[in-house]
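Chemist: One structure follows; several queries about it will come next.
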Amino acid sequence: MDELSARAAALVARHPHRARLRRVGTSRAGTPMWLLSVGRGSRHTLIVAGPHANEPVGGATVLRLAERALADPRLSDQADTTWNLLLSLDPDGSRRNEGWLSGPYTLGHYFRHFFRPGFLEQPEWLPDGAAGAVLPETRALLDLQDELRPFLQCSLHGVDVGGGFVELTRELPGIAQRVARTAARLGIPRELSPYDTLYWPRLGPAVYRIPPPRRGDLAAAITEAAVESTWYHPHRYGTVTAVVEAPMWGVTAVEDASPSPDADAVLRTVSRALRRDTRLLESILARVRPSAGAGPDAARLLAPVDDYVLVGPGLADSWDPDVHDVAARPLPPLDTARLTTLALSGRRVALRTAGLLHQLVTRAGHDPADALPELDRLIDEWCADYRDGYGARWIPVARQAEYQARVVLAAFELTAGRPRPESAPPPPCPDAHADSRSGEPPWSSEPAVPMHRE
């Protein structure tokens with residue numbers, strides 16, 4: 001996080017008349033939240049990096065976008081556009097993932113240092129609506145949306161294992177073709193049937209429409225409807241929100257639309273594996289919880305563990321043909337891509353839980369339950385399944401960021417000429433708060449170390 005802020009400050013130092021950096025909020029741990037703005041147009045984009053703590057590529061992407069907006073007047077001055085780039089929506093969570101960011105980029109290293117807060121502590125979600133949002137990171141984003149009223153908002157996400165895809169709050173004709181070309185040129189697999197979009201309308205290959213939010217339980221919220229979120233909050237301003245997912249480890253089978261010879265057999269295998277793994281992890285959790293301690297660090301790790309253990313059996317039931325009520329909620333067509341995605345998703349729940357438990361024991365400094373050897377074995381076994389069973393391969397950070405940047409630029413080009421709905425109020429004066437730094441000390445223009453060494 002420090003390096004990301006330093007690189008943004010160095011960019012501003014090189015372009016003081018066209019780029020600005022201001023503090024727009026403070027995280028729960030007191031970390032400043034910085035917005036990098038390029039251009040002084042009357043129309044605004046809002047690009048949000050780091051909405052999930054374990055998805056760091058957006059930080060590299062926003063810097064890449066800032067450089068391109070500075071270099072190409074068609075993206076800023078000629079388009080009457082200001083690019084607003086939030087460096088990280090969850091800086092505290094992102095800092096907790098720094099243990100794997102410098103490499104080695106192996107699945108085992110990643111999952112042993114993985115962190116993502118509990119469902120109710122993820123700043124994009126609004127479980128109690130915008131008025132009831134209590135996280136300071138969420139409030140900072142909501143205030144930005146209301147201030148800027150962007151015509152385009154992009155939320156930069158990462159898929160740990162799988163493929164790239166895009167989710168939209170409004171239809172954007174032409175985006176599927178642009179995503180396909182970009183993915184092909186960069187060797188990024190497209191995820192044709194993401195687990196997140198299991199019941200969402202399909203707008204094109206790897207492009208999905210986010211349904212309007214409605215209340216539901218946590219297990220069903222992602223696949224059955226969008227929970228109330230910051231994706232839809234600026235909808236009243238005519239904003240198009242694009243959630244841009246870029247994979248860290250790619251799996252080619254997620255874009256294989258060929259039929260499966262026995263889909264039910266695959267579903268049974270995946271569902272039973274998730275139930276078995278959840279029971280196993282529950283037993284390990286029961287052993288390690290008494291010695292985990294009661295401090296805030298243990299609580300932060302236990303919250304997502306409890307969430308994953310809670311939703312695992314429900315997910316398994318929703319896929320299992322022997323349990324799932326097909327008449328009430330029929331599953332979409334089950335081709336190879338969708339079955340692969342479901343298998344990857346079930347394994348992901350187990351691996352994240354095991355990784356968090358591994359950290360819980362490691363940080364406690366003692367292991368009276370002798371859980372670490374078992375957790376190491378499970379993590380190694382499940383990572384090998386990803387690597388050898390599904391062919392998961394690491395995608396260099398530069399390619400992840402380039403893919404994401406090109407998809408954002410495609411969304412920008414397709415949205416920039418789109419008329420704003422008559423009901424949408426005009427954006428405010430672009431310079432209203434442009435140079436506010438909330439009393440922060442002057443930024444250093446010292447050269448920054450590259451974010452990733454490939």
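Chemist: Say we look at region 1-52 and pick out the residues that are basic (Lys, Arg) and not in a loop (DSSP other than H, G, I, E, B); which of these is farthest from the chain's Cα centre (by Cα)? Please lay out each step first, then the result.
Modeler: Taking region 1-52 first, the residues basic (Lys, Arg) are 7, 14, 18, 20, 22-23, 28, 40, 43.
From the residues that got through so far, the ones that are not in a loop (DSSP other than H, G, I, E, B) too are 7, 14, 20, 22-23, 43.
Details: 7: 22, 14: 30, 20: 25, 22: 23, 23: 22, 43: 25 Å.
Among them, the one singled out is 14.
Chemist: Only one residue in 380, 307, 385, 317 is part of a helix (DSSP H, G or I) and either closer than 24 Å to residue 117 by Cβ or of a type in the set (Lys, Arg) (or both). Which one? Walk me through it before giving the result.
Modeler: Values: 380 fails: either closer than 24 Å to residue 117 by Cβ or of a type in the set (Lys, Arg) (or both); 385 fails: either closer than 24 Å to residue 117 by Cβ or of a type in the set (Lys, Arg) (or both); 317 fails: either closer than 24 Å to residue 117 by Cβ or of a type in the set (Lys, Arg) (or both).
That would be 307, the only listed residue that is part of a helix (DSSP H, G or I) and either closer than 24 Å to residue 117 by Cβ or of a type in the set (Lys, Arg) (or both).
Here's the yes/no breakdown for (1) part of a helix (DSSP H, G or I); (2) open to solvent by less than 30 Å² (accessible area, probe 1.4 Å); (3) over 30 Å from residue 298 (Cα atoms):
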{"residue": "346", "(1), (2), (3)": "yes, yes, no"}
{"residue": "357", "(1), (2), (3)": "yes, yes, no"}
{"residue": "401", "(1), (2), (3)": "yes, yes, yes"}
{"residue": "407", "(1), (2), (3)": "yes, yes, yes"}
{"residue": "418", "(1), (2), (3)": "no, no, yes"}
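Chemist: A follow-up question, please. Could you figure out which of (1) at pLDDT below 90; (2) surrounded by 14 or more Cβ atoms within 10 Å (Cβ to Cβ); (3) more than 25 Å from residue 109 (Cβ to Cβ) isn't true of residue 325?
Modeler: Looking at each condition in turn, residue 325 falls short on (2).
Chemist: Within region 149-166, is there a residue that is in a helix (DSSP H, G or I) and either touching an Asp or Glu at 6+ places or on another chain (Cβ under 6 Å) or open to solvent by less than 40 Å² (accessible area, probe 1.4 Å) (or both)? Break it down into steps so the answer makes sense when it comes.
Modeler: First pass over region 149-166, keeping only residues in a helix (DSSP H, G or I): none.
So far as region 149-166 goes, no, none of its residues is in a helix (DSSP H, G or I) and either touching an Asp or Glu at 6+ places or on another chain (Cβ under 6 Å) or open to solvent by less than 40 Å² (accessible area, probe 1.4 Å) (or both).
Chemist: Mind counting the residues in region 286-295 that are of a type outside the set (S, T, N, Q) and either at pLDDT 90 or above or part of a helix (DSSP H, G or I) (or both)?
Modeler: If we filter region 286-295 for residues that are of a type outside the set (S, T, N, Q), which is where we start, we get 286-290, 292-295.
Now narrow it down to the ones that are either at pLDDT 90 or above or part of a helix (DSSP H, G or I) (or both): 286-290.
Here the count works out to 5.
Chemist: Follow-up question, since we're still on this one. Of all residues in region 116-137, which are surrounded by fewer than 23 Cβ atoms within 10 Å (Cβ to Cβ), of a type outside the set (A, V, I, L, M) and not in a loop (DSSP other than H, G, I, E, B)?
Modeler: 119, 121, 125, 132, 136
Chemist: Sticking with this one: Would you check if residue 70 is touching an Asp or Glu at 6+ places or on another chain (Cβ under 8 Å) and outside any strand (DSSP E or B)? Don't jump to the end; show me each part of the working.
Modeler: Numbers: touching an Asp or Glu at 6+ places or on another chain (Cβ under 8 Å): no; outside any strand (DSSP E or B): yes.
Considered against the rule, which asks whether it is touching an Asp or Glu at 6+ places or on another chain (Cβ under 8 Å) and outside any strand (DSSP E or B), residue 70 comes out as no.
Chemist: Does region 222-231 contain at least one residue that is more than 16 Å from the chain's Cα centre (by Cα), at pLDDT below 95 and among the aliphatic types (A, V, I, L, M)?
Modeler: yes
Chemist: Within the set of pairs 6 or more residues apart or between chains, which connect a residue that is within 18 Å of residue 93 (Cα to Cα) inside region 46-75 to a residue that is open to solvent by 20 Å² or more (accessible area, probe 1.4 Å) and among the acidic types (Asp, Glu) with Cβ atoms less than 8 Å apart?
Modeler: Correct list of pairs: 53/92.
Chemist: Take the residues in region 8-47 that are charged (D, E, K, R) and surrounded by fewer than 22 Cβ atoms within 10 Å (Cβ to Cβ); name whichever of them is farthest from residue 231 (Cα to Cα). I'd like the intermediate steps shown before the answer.
Modeler: As a first pass, look at region 8-47 and keep what is charged (D, E, K, R): 14, 18, 20, 22-23, 28, 40, 43.
Add one more test, that the residue is surrounded by fewer than 22 Cβ atoms within 10 Å (Cβ to Cβ), and what stays is 14, 18, 22-23, 28, 40, 43.
Details: 14: 33, 18: 28, 22: 22, 23: 22, 28: 21, 40: 24, 43: 19 Å.
By that ranking, first place goes to 14.
Chemist: Sort out which residues of region 363-377 are at pLDDT 95 or above and assigned to a helix (DSSP H, G or I), and write them in order of number.
Modeler: Matches in region 363-377: 372, 373, 374, 375, 376, 377.
Chemist: Which count do you get for residues in region 167-185 that are open to solvent by less than 20 Å² (accessible area, probe 1.4 Å) and outside any helix (DSSP H, G or I)? Lay out the reasoning, then the answer.
Modeler: Just the residues of region 167-185 that are open to solvent by less than 20 Å² (accessible area, probe 1.4 Å), to begin with: 167-169, 172, 175-176, 179, 182-183.
After this cut, where a residue has to be outside any helix (DSSP H, G or I) as well, the list is 167-169, 172.
Result for region 167-185: 4.
Chemist: Kindly indicate whether any position in region 86-99 is surrounded by fewer than 20 Cβ atoms within 10 Å (Cβ to Cβ), at pLDDT below 95 and part of a loop (DSSP other than H, G, I, E, B).
Modeler: So far as region 86-99 goes, no, none of its residues is surrounded by fewer than 20 Cβ atoms within 10 Å (Cβ to Cβ), at pLDDT below 95 and part of a loop (DSSP other than H, G, I, E, B).
Chemist: Just to be sure before I move on: is residue 113 open to solvent by 10 Å² or more (accessible area, probe 1.4 Å), without any contact (Cβ under 8 Å) to a residue 12 or more places away in the chain and closer than 30 Å to residue 193 by Cβ in the structure I sent? If you could, list the steps in order and put the result at the bottom.
Modeler: Working: open to solvent by 10 Å² or more (accessible area, probe 1.4 Å): yes; without any contact (Cβ under 8 Å) to a residue 12 or more places away in the chain: no; closer than 30 Å to residue 193 by Cβ: yes.
The answer is no for residue 113.
Chemist: Right, next: Among the residues of region 269-280, write down those that are more than 22 Å from residue 373 (Cα to Cα) and either buried (at least 19 other Cβ atoms within 10 Å of the Cβ) or not polar (S, T, N, Q) (or both). Give the steps one after another, and end with the answer.
Modeler: Start the filter on region 269-280 by keeping residues that are more than 22 Å from residue 373 (Cα to Cα), which leaves 269-272.
The answer is 270, 271, 272.
Chemist: For the structure I just gave you, tell me whether residue 298 is without any contact (Cβ under 8 Å) to a residue 12 or more places away in the chain, assigned to a helix (DSSP H, G or I) and out of contact with any Gly (no Cβ under 9 Å at 6 or more places or on another chain).
Modeler: Numbers: without any contact (Cβ under 8 Å) to a residue 12 or more places away in the chain: no; assigned to a helix (DSSP H, G or I): yes; out of contact with any Gly (no Cβ under 9 Å at 6 or more places or on another chain): yes.
Answer is no for this residue.
Chemist: With the structure loaded, tell me whether residue 283 is part of a helix (DSSP H, G or I), under 27 Å from residue 367 (Cα atoms) and open to solvent by 20 Å² or more (accessible area, probe 1.4 Å) or whether it fails that test.
Modeler: On the way: part of a helix (DSSP H, G or I): yes; under 27 Å from residue 367 (Cα atoms): yes; open to solvent by 20 Å² or more (accessible area, probe 1.4 Å): yes.
The answer is yes for residue 283.
Chemist: Could I ask something else about it? With respect to the numbered conditions (1) in contact with a His (Cβ under 7 Å, 6 or more places away or on another chain); (2) of a type in the set (D, E, K, R); (3) more than 28 Å from residue 350 (Cα to Cα), which one is the sole condition not fulfilled by residue 55?
Modeler: (3)
Chemist: Could I ask something else about it? Starting from region 186-200, keep only residues that are farther than 14 Å from residue 400 by Cβ and without any contact (Cβ under 8 Å) to a residue 12 or more places away in the chain, then list their pairs with residues that are open to solvent by less than 10 Å² (accessible area, probe 1.4 Å) and part of a loop (DSSP other than H, G, I, E, B) whose Cβ atoms are within a distance under 6 Å, requiring at least 6 positions of separation or different chains.
Modeler: Note: no pairs meet the criteria.
Chemist: Here's another thing I want to ask about it. Taking region 235-268 as the search range and keeping residues that are without any contact (Cβ under 8 Å) to a residue 24 or more places away in the chain and of a type outside the set (A, V, I, L, M), which one is surrounded by the most Cβ atoms within 10 Å (Cβ to Cβ)? Walk me through it before giving the result.
Modeler: If we filter region 235-268 for residues that are without any contact (Cβ under 8 Å) to a residue 24 or more places away in the chain, which is where we start, we get 261-262, 265.
After this cut, where a residue has to be of a type outside the set (A, V, I, L, M) as well, the list is 261-262.
On the way: 261: 8, 262: 11.
Top of the filtered list is 262.
The values are calculated or read from the model by the stated rules, or taken from the named source; none is laboratory data. Treat the numbers as computed from the prediction; the structure is a model and nothing was measured. Using ideal geometry, Cβ is built from the backbone for each residue, glycine included, and neighbour counts are taken over all protein chains shown. In case anyone asks, the SASA skips ligands and DNA or RNA and just uses the protein heavy atoms, side chains included. Shrake-Rupley method; radii C 1.70, N 1.55, O 1.52, S 1.80 Å.
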